[in-house]
1. Which is farther than 20 Å from residue B:221 by Cβ and in a helix (DSSP H, G or I), of B:58, B:82?
2. Select from the range B:151-165 the residues that are away from ligand 1 (no atom under 16 Å from the Cβ) and buried (at least 21 other Cβ atoms within 10 Å of the Cβ) and list them in ascending order.
3. Starting from residues that are within 16 Å of ligand 2 (Cβ to nearest atom), assigned to a loop (DSSP other than H, G, I, E, B) and touching a residue at least 40 places away in the same chain (Cβ under 8 Å), keep the ones in the range B:199-218 and report whichever is farthest from residue B:178 (Cα to Cα).
4. Scan the strands (runs of 3 or more DSSP E) fully inside the range A:253-314 and keep the ones with 3 or more residues being at pLDDT below 95.
5. Output yes when any residue across the range B:40-63 is surrounded by 22 or more Cβ atoms within 10 Å (Cβ to Cβ), closer than 25 Å to residue B:180 by Cα, in contact with a helix residue (DSSP H, G or I) (Cβ under 9 Å, 6 or more places away or on another chain) and more than 14 Å from every other protein chain (Cβ to nearest Cβ), and no when none is.
6. So is residue B:203 away from ligand 1 (no atom under 15 Å from the Cβ), within 30 Å of residue B:16 (Cα to Cα), within 14 Å of chain A (Cβ to nearest Cβ) and surrounded by 15 or more Cβ atoms within 10 Å (Cβ to Cβ) or not?
7. What residue, of B:36, B:14, is within 15 Å of the chain's Cα centre (by Cα), away from ligand 1 (no atom under 12 Å from the Cβ) and at pLDDT 95 or above?
8. Filtering the range B:174-198 down to residues that are under 15 Å from the mean Cα position of the chain (by Cα) and away from ligand 2 (no atom under 16 Å from the Cβ), which residue is surrounded by the fewest Cβ atoms within 10 Å (Cβ to Cβ)?
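The values are calculated or read from the model by the stated rules, or taken from the named source; none is laboratory data. From a predicted model like this one, the values you see are computed outputs, not experimental measurements. Neighbour counts are summed over all protein chains in view; Cβ atoms, including those assigned to glycine, are modelled from backbone coordinates with ideal geometry.
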Ligand SMILES: Nc1ncnc2c1ncn2[C@@H]1O[C@H](COP(=O)(O)OP(=O)(O)OP(=O)(O)O)[C@@H](O)[C@H]1O
Ligand SMILES: [Mg+2]
């Protein structure tokens with residue numbers, strides 16, 4: 001790399017770049033200048049800028065291909081009315097540690113029982129917090145470094161480990177993948193990067209906290225996790241956003257690479273602002289998450305989704321290597337006017353590959369959700385197996401739940417099973433639980449929690465407690 | 001007759017479900033320390049009666065009174081009745097998937113204790129308490145760690161009801177056919193459990209079809225319920241008479257107003 005940031009800067013000017021380069025916030029709108037501005041702000045290597053520009057130009061060709069097949073409806077998003085980059089006020093003295101974060105924000109986290117507090121960090125979770133677009137704090141870095149584990153913000157990884165990033169970025173989700181993935185590739189701001197060396201078992205949970213702070217700001221994180229042969233990592237991701245009257249756009253990309261014999265467990269607690277009772281405000285959450293599983297490796301996605309006005313998300317596994325395993329455990333809750341179209345894709349390519357999908361959907365208020373899942377067995381995938389179970393729980397009369405499974409089997413040895421159910425909290429159950437002295441609302445939460453147990457038990461213990469809390473907060477008033 | 005306030009006093013209770021009258025004037029007084037057995041043919045309204053006392057909203061009380069320790073039970077919500085000390089052992093215990101029995105019972109006990117102004121029971125103390133009580137009905141740890149009644153056999157479900165009674169220590173227990181579907185050993189376990197829980201300050205209303213259970217749990221009174229009315233009440237011997245003669249002889253009594 002011979003290009004220095006200065007060169008990029010001058011190039012930008014040559015291109016007619018007129019934005020104040022010292023600004024903390026990019027002007028609204030999207031064009032090549034903005035892409036350059038972001039790349040420049042982050043002092044990225046030239047190849048990164050090139051990649052972004054290719055993605056941007058590709059995205060332009062997709063202009064009329066914003067996905068419309070999902071069972072969600074929303075007003076047209078004006079992509080020129082979004083701010084694509086916002087750094088903390090003064091980049092130099094932006095928060096360096098969690099202690100410096102606005103106490104209001106910390107309070108909001110605490111309310112949700114989110115483990116950003118010191119005592120929880122002591123409990124052994126390494127945390128990386130991404131506020132708006134910049135990663136502000138990564139704890140436990142040194143402990144991890146001793147074992148050769150890299151856990152840092154994506155920007156830092158680009159500076160310190162450019163070869164690793166270059167090798168794996170886009171290898172699972174190419175910038176051409178879909179409308180939102182292309183957009184992300186062009187303008188992604190920050191995110192987390194984790195690398196677990198060969199044979200290393202990561203000794204603690206790695207965690208990233210994402211939060212959209214600034215009004216009108218889109219958040220486009222990119223996360224890349226690479227688990228070398230025989231390694232193991234459990235990664236947690238939490239998301240919140242403050243109450244805003246206007247919709248906010250979130251289009252993230254997550255790529256997981258599990259090399260031979262590696263295992264990645266990826267857990268998400270998503271609580272983006274869902275909008276108010278009438279559907280004003282709330283985050284539009286369009287996310288592409290995918291993992292590539294090599295020989296004898298395993299990738300598990302576990303997610304508890306209670307937030308966002310609209311969720312469009314299908315964490316997937318490409319079972320490329322023989323004997324690889326893919327799992328998807330999900331609880332998705334929609335209340336008020338929330339809409340979710342979510343599910344997974346399991347692409348079986350290797351022999352003896354196995355996948356398990358357990359999806360629990362809870363609909364309340366006027367919420368509407370669709371499970372959309374694809375199980376594809378390629379011709380070479382001898383003895384592939386899939387088990388899918390989709391359960392929906394309806395609370396009230398005005399909500400909806402739909403299940404759309406796509407099954408494509410191109411190998412006769414495959415075994416694919418699909419089970420689905422839709423239920424309500426039965427009067428008998430409620431009477432039974434209340435007869436033991438438990439008040440109506442608590443009884444309903446208990447039954448709802450029971451419905452989610454198969455998923456919650458997949459979460460690390462602390463996260464499971466938070467998930468329960470989150471569910472309760474999200475359902476307040478809906479089960480009265 | 002004692003002059004203390006009865007635990008349960010039912011006066012001329014009428015109730016309907018889906019517009020159909022099921023209970024047609026039931027009166028019953030149950031005092032502390034007593035066990036009352038209610039017997040009657042299928043569909044006569046035995047379960048309905050127990051569910052109404054416990055507050056199941058599926059049934060509508062059209063007239064009459066139900067007093068518990070002198071308080072009007074009919075105005076209380078289901079959980080408040082339970083917190084006051086009313087327990088129903090279900091004929092068909094309900095499954096609560098994903099909710100572990102131990103967790104379920106601790107939540108219930110703590111809700112009741114909080115209502116009574118007592119401190120919540122600590123996890124450790126509860127675990128010990130639960131262990132002792134489960135020994136009473138010979139329920140093992142593995143079952144307690146499973147979801148409430150999920151995949152339990154009929155007999156296991158019935159034993160789980162008695163375990164819950166033992167944990168929650170109610171003042172009034174309604175047991176709806178605790179013996180149905182039990183093998184001979186389970187029957188003894190259940191009966192023995194109930195007998196041990198029988199105290200001078202609590203009362204039990206026992207619904208059963210078989211006098212066999214009453215060999216183990218000796219009732220103070222036996223009532224015959226036919227077509228929504230108690231057509232005859234008596235002592236222990238009434239159950240033996242029923243067993244010998246069946247309900248035929250009693251059915252003609254239904255025509256007479258209660
Ligand atoms: N939800 C309901 N809807 C309609 N009818 C009902 C309902 N619940 C009970 N019944 C009717 O009320 C009557 C009394 O039922 P109940 O269950 O109280 O009888 P039981 O005496 O307990 O009978 P068994 O000995 O078979 O348990 C029956 O005819 C039954 O069909
Ligand atoms: Mg009955």
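1. Going through B:58, B:82 in turn, just one is farther than 20 Å from residue B:221 by Cβ and in a helix (DSSP H, G or I): B:82.
2. First, the residues of the range B:151-165 that are away from ligand 1 (no atom under 16 Å from the Cβ): B:151-153, B:155-156, B:159-160, B:162-165.
Those that are away from ligand 1 (no atom under 16 Å from the Cβ) and buried (at least 21 other Cβ atoms within 10 Å of the Cβ): B:159, B:160, B:162, B:163, B:164, B:165.
3. In the first step, residues of the range B:199-218 are kept if they are within 16 Å of ligand 2 (Cβ to nearest atom); the result is B:205-210, B:213.
Filter once more, so that each one left must be assigned to a loop (DSSP other than H, G, I, E, B): B:208-210.
Then keep just the ones that are touching a residue at least 40 places away in the same chain (Cβ under 8 Å); that gives B:208-209.
On the way: B:208: 7, B:209: 10 Å.
Here the residue is B:209.
4. A:263-271, A:282-293, A:298-305, A:310-313
5. Looking through the range B:40-63, at least one residue is surrounded by 22 or more Cβ atoms within 10 Å (Cβ to Cβ), closer than 25 Å to residue B:180 by Cα, in contact with a helix residue (DSSP H, G or I) (Cβ under 9 Å, 6 or more places away or on another chain) and more than 14 Å from every other protein chain (Cβ to nearest Cβ).
6. No: the conditions fail for residue B:203.
7. Numbers: B:14 fails: within 15 Å of the chain's Cα centre (by Cα).
Going through B:36, B:14 in turn, just one is within 15 Å of the chain's Cα centre (by Cα), away from ligand 1 (no atom under 12 Å from the Cβ) and at pLDDT 95 or above: B:36.
8. The qualifying residue surrounded by the fewest Cβ atoms within 10 Å (Cβ to Cβ) is B:195.
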